[in-house]
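Written out below as structure tokens is the structure these notes cover.
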Amino acid sequence: MKKLLILIPCFLLSEAGAQEIQTVQTVPVDKMNIIKTNVTAYAFRNINLSYERAINQWFSVNIGFGTMTQGKVPFINAFLKDEDEKRFQNLRVKATNFTIEPRFYIGKGYGKGFYFAPYYRYSDVSSNSFDFYYDYNAIDGNTYQIPLKGQGSTSGNSGGLMVGVQFFLTRSQNLVLDFWIAGAHYGSGKGDFTMTSDYVLTPEMQAQLKKEIENLDIPFVDYSVETNANGAKVKVDGPWAGFRSGLSIGYRF
């Protein structure tokens, strides 16, 4: 009888503890996978898909892939002057990226609530065969427009940090909204672009071409220019930076 009296309060305490855990734990843990796509990226021709797997309440891993179909450089007029932009008469680019992103959740977790995410990103950008020209000021006082054909590619490896928040939109907690509040990454990139001319360029013409390309002063990218009688070679080797923000819709299962 004494043993029974001792067991009864222990049983009641364990039941109360279980109810408390159930009350706190409002996110069902049987759905640990989320497939998402960043809908805002489609405005920039970026077709993308990501997969997130919850490891435990506060930690998950998100893997993403995106590809931007060939087209105009987004916001090219934000870093090139109007007269410089006109030199690239039909420049088109395509790009791909791959991202590995561990996420650390605060709050309810299991893929819900605010998170911060350090991440690694690989990016690759390539161009079509585009037209470029520069104005050669000859010693006779005349100005001649020298056309060239350009083409090339570059890639970069970078690491960064993103802060965001993820919501479950339905009672079944299947529909997911992932808001990338802000993220930035920094690393290094390498690549080569060649520009060839049908004209044989004299040393004076080469010097002016080199100066024209260097004066483009493209931000966030370090590059060097070498010229020869056939044209120029632009070598990208230096910092690689970028920013992330967006809104993703996903399905949790």
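Check each of the chymotrypsin sites (Phe, Trp or Tyr not before Pro) in the stretch 77-143 and keep only those in coil by DSSP with at most 15 other C-beta atoms within 10 angstrom; list them in order. Kindly include the intermediate steps, with their values, before the conclusion.
Numbers: sites: F79, F88, F98, F104, Y105, Y110, F114, Y115, F116, Y119, Y120, Y122, F130, F132, Y133, Y134, Y136; in loops: F79, Y110.
Here the chymotrypsin sites (Phe, Trp or Tyr not before Pro) that fit, given the DSSP loop and packing criteria, are F79.
Apply 1/(1 + (r/R0)^6) to the Cβ-Cβ distance of K81 and N142, taking R0 = 25 Å, and write down the FRET efficiency to the nearest 0.05. Write down the numbers at each step before the final one.
Values: r = 24 Å, r/R0 = 0.97.
So, using R0 = 25 Å, E works out to roughly 0.55.
Taking the 0 to 90 degree range and rounding to the nearest ten, how far is the long axis of helix 2-24 tilted relative to the main principal axis of the chain, both from C-alpha atoms?
Approximately 30 degrees, to the nearest 10.
Tell me which label goes with the value of percent of Cα pairs over 31 Å apart computed from the coordinates here: (1) 25; (2) 18; (3) 46.
(3)
Determine, from the Cβ-Cβ distance of T67 and T170 and an R0 of 22 Å, the FRET efficiency 1/(1 + (r/R0)^6), rounded to the nearest 0.05.
Working: r = 30 Å, r/R0 = 1.35.
Efficiency at R0 = 22 Å is approximately 0.15.
Report, in whole Å, the centroid distance computed from the Cα atoms of the stretch 85-161 and the stretch 166-213.
Here the two parts' Cα centres lie 1 Å apart.
From Cα pairs below 8 angstrom and at least 6 apart in sequence, can you work out the relative contact order of the chain, rounded to a whole percent? Write down the numbers at each step before the final one.
On the way: 586 pairs, mean separation 44.5, N = 253.
Relative contact order comes out at 18 percent.
Return the calculated 222 nm mean residue ellipticity for the chain, to the nearest 500 deg cm²/dmol, obtained by summing -39500 (n - 2.57) across DSSP H runs with n ≥ 4 and dividing by the residue count.
Numbers: 3 runs with 39 residues, N = 253.
After summing the helix terms and dividing by the residues of the chain, the value is -5000 deg cm²/dmol.
Are there any trypsin sites (Lys or Arg not before Pro) in the stretch 86-166 that are in a DSSP loop and have at most 12 other Cβ atoms within 10 Å? List them by number.
Values: sites: K86, R87, R92, K94, R103, K108, K112, R121, K149; in loops: K86, R87, R92, K108.
Passing both the DSSP loop test and the Cβ count: K86.
Quick note: the coordinates plus some simple rules give every number you see, no bench work behind them. Computed from a predicted model, the values in this text were never measured in an experiment. When we count neighbours, we look across all protein chains shown, and the Cβ atoms used for this are built from the backbone with ideal geometry, even at glycine.
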